[in-house]
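Report on one structure; see the data block that follows.
The values are calculated or read from the model by the stated rules, or taken from the named source; none is laboratory data. If you're wondering where the values come from, they're calculated on a predicted model, not measured in any experiment. Backbone-built Cβ (ideal geometry, glycine too); neighbour counts: all protein chains shown. Side chains are part of the model used for accessible areas, which takes the heavy atoms of the whole protein and leaves out ligands, DNA and RNA. Shrake-Rupley method; radii C 1.70, N 1.55, O 1.52, S 1.80 Å.
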Amino acid sequence: MKRLTVPALLAVLFGVLLWVSMTGILNSYWQSVLMFMGVNIILATSLNIINGNMGEFSCGHAGFMAVGAYVSSLISVALFTKSSVFGDPLLSPDLAVWLFPLVLLAGSLAASVVGLLVAIPSFKTRGDYLAIITIAASYIVKSTIENIGAIGGARGFMGMSGVMNAMNDTAKLPWILIWVFLGTVFSVWFIRRFIYSTFGKGVDAICQDEIAAEIMSVNTDRVKLVAFMVSCGLAGLAGGLFAHILGYVNPGTFTILKSTEIMVMVYLGGMGSISGSVLAAIVMTLLIEYLRDAFGFINTFLHYISIIPDSYEVTQVWKWVLIPLLLVLLMQFRPEGIMGRRELADVFPGLRKFYKFKG
């Protein structure tokens, strides 16, 4: 019965989130922050499979996120709402509530397939070549999307807000918040089950010593391909949720800077630590939101004391100076991150009686 404590707490948290959002206690801004937090948790924990548990170095996670974002967005808009691209919806908008998980699944599967296509040539190399190949793949995905005018090209694609409105009209609930919560919980649960499974032990063996793993009869090629596909598929799930939160998706969002942001979360939390990735995603989301407000104040203050000319603006571009700098500082002064390879149960052993974190 004690192992039911965590599911019970999640159910209570789910109920509280619904209540505070429907009563207006939690305004739309903080709902968005919480949803972006969930998306970042999925991204960080999924990339941690490759960079943490498997010991490889992927730098193009945003590209797989883009595949999931566009595929799920195109399918949902085509099926459930009228658009300038697809015309009238193919299905009744009332079905959006029930079929939306399948839309997200389609985006995840598409990202997994792209991940497989990238992984097959990538894992024939060694060392840092995976990083180079994944960066190249990310740019290929971004450039391909930018040159498909039928889906908006560089301008982006919109219409997902109409799908969410159709859901909300069917049942008066904050559906996108619900799907983000369920997607986050599912992703963390699935990754944990995957990593601590017999198959996941092969992933850890590759991280420790790939040659020794092969000698011990681990099919390293198969394990690496499956792990990479799982990671990319979950990135696609995050992309689908991200696109429907915004109601708009643009290829310029999925650059190397977005991949860097995800990597910072992984290394901040700790390589191979699911708990660390969750914690780091929460911290990074709040930090990014803080910087959004802080830059406006800094800009006004520097203009007031005449340190910078009135023609110069301190903008969000500086965020992309600070986030890579944070990654450099982490690698220099705390390469193990907040948690290292530990989980919460390792830091707080008393949690073991409530939930079996390992094994």
What percentage of the solvent-accessible surface of the stretch 59-186, computed with a 1.4 Å probe over protein heavy atoms, is contributed by carbon and sulfur atoms? 71
Project the alpha carbons of the stretch 58-118 onto their principal axes and report the range along each, largest first, in whole Å. 40, 24, 15
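Can you tell me what the convex hull of the Cα atoms of the chain projects to on average, as an area in nm²? Walk me through the numbers before you get to the answer.
Numbers: hull surface 84.1 nm².
Averaged projected hull area, Cα only: 21.0 nm².
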Karplus-derived HN-Hα couplings along the stretch 133-147 (A = 6.51, B = -1.76, C = 1.60, θ = phi - 60°), whole Hz, x at Gly and Pro: 5, 5, 5, 4, 4, 4, 5, 4, 4, 4, 5, 4, 4, 5, 9
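Please calculate how many Å² of accessible area the chain carries per residue, with a 1.4 Å probe and no DNA, RNA or ligand atoms counted.
Details: 17170 Å² over 359 residues.
Result: 48 Å² per residue.
Which entries of Lys142/Lys258; Lys82/Lys142; Lys201/Lys224 have Cα-Cα distances beyond 18 Å here?
Checking Cα-Cα distances, Lys82/Lys142 exceed 18 Å.
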Can you tell which of Val278, Leu130, Ala213 lies farthest toward the positive end of the dipole of the chain, using +1 and -1 charges on the Cβ of basic and acidic side chains (Lys, Arg; Asp, Glu)? Ala213
Among Asn168, Val185, Ala238, pick out the residue whose Cα is farthest towards the positive end of the charge dipole of the stretch 158-242, where Lys and Arg carry +1 and Asp and Glu carry -1 on C-beta, about the Cα centre. Asn168
Report the label-to-label distance for Val20 and Leu91 in nanometres (one decimal), using points 7 Å from each Cα along the Cα→Cβ vector. 3.3
Simple SL model, points at 7 angstrom along Cα→Cβ for Tyr129 and Glu146; separation in nm is 2.7
Search the structure for amide H atoms under 5 Å from the amide H of Met339, placed 1.01 Å from N in the peptide plane, and list their residues when 5 or more places away or on another chain. Gly270
Quote the charge dipole size of the chain about the Cα centre in Debye, to the nearest 20; the model charges only the Cβ of Lys and Arg (+1) and of Asp and Glu (-1). 940
